[in-house]
């Protein structure tokens, strides 16, 4: 089955709850004769989440159209892993002189039809290359002092990873990350402070909005990171 990628805009991911986590995909094999617990871990951990979004009016219709584009289980959704505990997007946009609601204009300050620009996505730069499987990344975060902290989620080319510790190293920041990088990072690559990931629905009817006269509802998404061929 060919997988299509459907972009879920920032505005739709207006979440009331989020619970992004790493599924280490362990299988418990019971205890040995000596009483030691035995577990086997997959070589391919993945991110999972069941965020809940509140939808009204135009946003509700937009989400419904996104679901139809996805054709049930055929779609892979590119999702912003919004996390207000780590990044306040509007605050970073203000520091960059950007209206986060409108977005980033073209170089001539023009916007798209509808008076919107590109999605605002702040990023830091990799200060050195890191191979796939690496558990540390060196970044130049001087553009956003104090923005990269322990416990936040970052991403590179739609591969999210969690920061377990931050330390200074030669004017840059050394980040310990989990899981290990699933794709190599070249020196100078962008590492996004507002992460994105590619997720598939765990069931075909995921997020189908049910609503009454006032066109307001909440939907819960059941997402698991897509690790299939072509990644």
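The values are calculated or read from the model by the stated rules, or taken from the named source; none is laboratory data. Because the structure is a prediction, the values reported are computed rather than measured. With ideal geometry, Cβ positions are generated from the backbone for all residues, glycine too; neighbour counts draw on all protein chains shown.
Residues checked against (1) part of a loop (DSSP other than H, G, I, E, B); (2) over 27 Å from residue 150 (Cβ atoms); (3) in contact with a helix residue (DSSP H, G or I) (Cβ under 8 Å, 6 or more places away or on another chain); (4) free of Cβ contacts under 8 Å to residues at least 40 places away in the same chain:
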site: 181; (1), (2), (3), (4): yes, no, no, no
site: 188; (1), (2), (3), (4): yes, no, no, no
site: 191; (1), (2), (3), (4): no, no, no, no
site: 204; (1), (2), (3), (4): yes, yes, yes, no
site: 208; (1), (2), (3), (4): yes, yes, yes, no
site: 211; (1), (2), (3), (4): yes, yes, yes, no
site: 217; (1), (2), (3), (4): no, yes, yes, no
- Message: Would you confirm, using the coordinates I've provided, whether residue 100 is at negative phi, touching a helix residue (DSSP H, G or I) at 6+ places or on another chain (Cβ under 8 Å) and either modelled with pLDDT under 80 or crowded, with 19+ Cβ neighbours inside 10 Å (or both)?
- Response: yes
- So which residues in the range 23-64 are assigned to a helix (DSSP H, G or I), surrounded by fewer than 14 Cβ atoms within 10 Å (Cβ to Cβ) and modelled with pLDDT of 90 or more? 61
- Among the numbered conditions (1) modelled with pLDDT under 85; (2) within 21 Å of residue 47 (Cβ to Cβ); (3) assigned to a helix (DSSP H, G or I), tell me where residue 87 comes up short. (3)
- Query: If you scan the range 168-184, which residues turn out to be under 17 Å from the mean Cα position of the chain (by Cα) and closer than 25 Å to residue 119 by Cβ?
  - Reply: 177, 181, 182, 183
- Task: Consider residue 19 carefully, then state whether it is exposed (fewer than 14 other Cβ atoms within 10 Å of the Cβ) and at pLDDT 80 or above.
- Result: yes
- Item | Selection within the range 131-169 - assigned to a strand (DSSP E or B), touching a residue at least 40 places away in the same chain (Cβ under 8 Å) and either in contact with a helix residue (DSSP H, G or I) (Cβ under 7 Å, 6 or more places away or on another chain) or within 22 Å of residue 22 (Cα to Cα) (or both) | 136, 137, 153, 154, 155, 160, 162
- Query: Out of (1) surrounded by 16 or more Cβ atoms within 10 Å (Cβ to Cβ); (2) within 20 Å of the chain's Cα centre (by Cα), what's the single condition that is false for residue 165?
  - Reply: (1)
- Message: Condition check: at pLDDT below 90 and either within 25 Å of residue 11 (Cβ to Cβ) or in contact with a helix residue (DSSP H, G or I) (Cβ under 9 Å, 6 or more places away or on another chain) (or both). Does residue 119 satisfy that?
- Response: yes
